[in-house]
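Here's the structure we're looking at; comments come further down.
Only the coordinates and a few stated rules stand behind these numbers; no lab work does. Computed from a predicted model, the values in this text were never measured in an experiment. Neighbour counts are summed over all protein chains in view; Cβ atoms, including those assigned to glycine, are modelled from backbone coordinates with ideal geometry.
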Amino acid sequence: MNVLQFLDPLREYVDEVYRVLKPGGLVVWGNKDVAKAGDPAVFVNTDWDKCAAVMSAAGFEVTRAKVRLSGKSAYVPLVGRKPRAGKGGGGSEQAVA
Amino acid sequence: MVIAVAVVVLSVVIFHRSSPVYLGFFFDSRSRAESLRAPGPGVSGWIARKLMAIVNAESNVDVVESLLSVHSGHTVVELGPGHGFSLREILRKEPAHVYAIEVSESFRSTLAADSDFSKAVEVLTLTLTLTVTRTLTLTLTLTLTLTLTLTRKRCLRYAATPGPAFRSFPRSRSIVFLV
């Protein structure tokens, strides 16, 4: 939770997570929109769509769930699953209602 | 004269970045952001930790309950466990292995001192490994790796950067990342 925004370069970290995961493994990033107001020199990834695209390019099947909870506890989950068949030219992105 | 000296000393103490009572959290956006990324032991770090406790307590439990289905055979890696709100929930599911990678030394100290985690991992052997890693290309630089090598079924590992820690991960049937 609240780590994705600090990872620089993001692709390097995402690739490392992908490498370590077994096929079918799951990565869940919890993100808070309050990060968008932080210093951009430190909060380097605050566009969740771009982050989802990076995950997808790394090979994950990406699911963007709706904002969960409310008020100070609200967060945007980004869920990636490593395909069981392995990397095959990029994963797919799927929005969950 | 005494008042003037006191004001100067106080100003130096409060406004100098290396001071433990540096109050940059309130007026320096870069310092505030860095404290929120990896709270230090000073006043700014203390404020960041308190703020994170308020903001994260509910969401960190929710993400485990609603988005992760951790089972007994799983290996779970949590990047940035902070206060350990999610970690506590994950351990209740009794996965095979849990790795907690935390960049903040003050958070690592808090986690290591938590009696709940000590009980959960049933410490039989404690190995302390201290490693300093400096990587120019990564944001999470100059880090300390504190490794608690534990026997029995579960293992809690406190490390700082994903790279070196990941390389030693066992290849389990199912690894779940919570970040």
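Below, the figures for the structure above:
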| quantity | calculated |
| --- | --- |
| Scan of the range A:16-25 for residues that are surrounded by fewer than 18 Cβ atoms within 10 Å (Cβ to Cβ) and outside any helix (DSSP H, G or I), ordered by number | A:22, A:23, A:24 |
| Residues that are crowded, with 22+ Cβ neighbours inside 10 Å and more than 7 Å from every other protein chain (Cβ to nearest Cβ), drawn from the range A:60-77 | A:60, A:62 |
| Scan of the range A:26-47 for residues that are free of Cβ contacts under 8 Å to residues at least 24 places away in the same chain and part of a loop (DSSP other than H, G, I, E, B), ordered by number | A:39, A:40, A:41, A:47 |
| Complete set of residues in the range A:1-25 that are charged (D, E, K, R) and in contact (Cβ under 8 Å) with a residue 24 or more places away in the chain | A:8, A:11, A:15, A:22 |
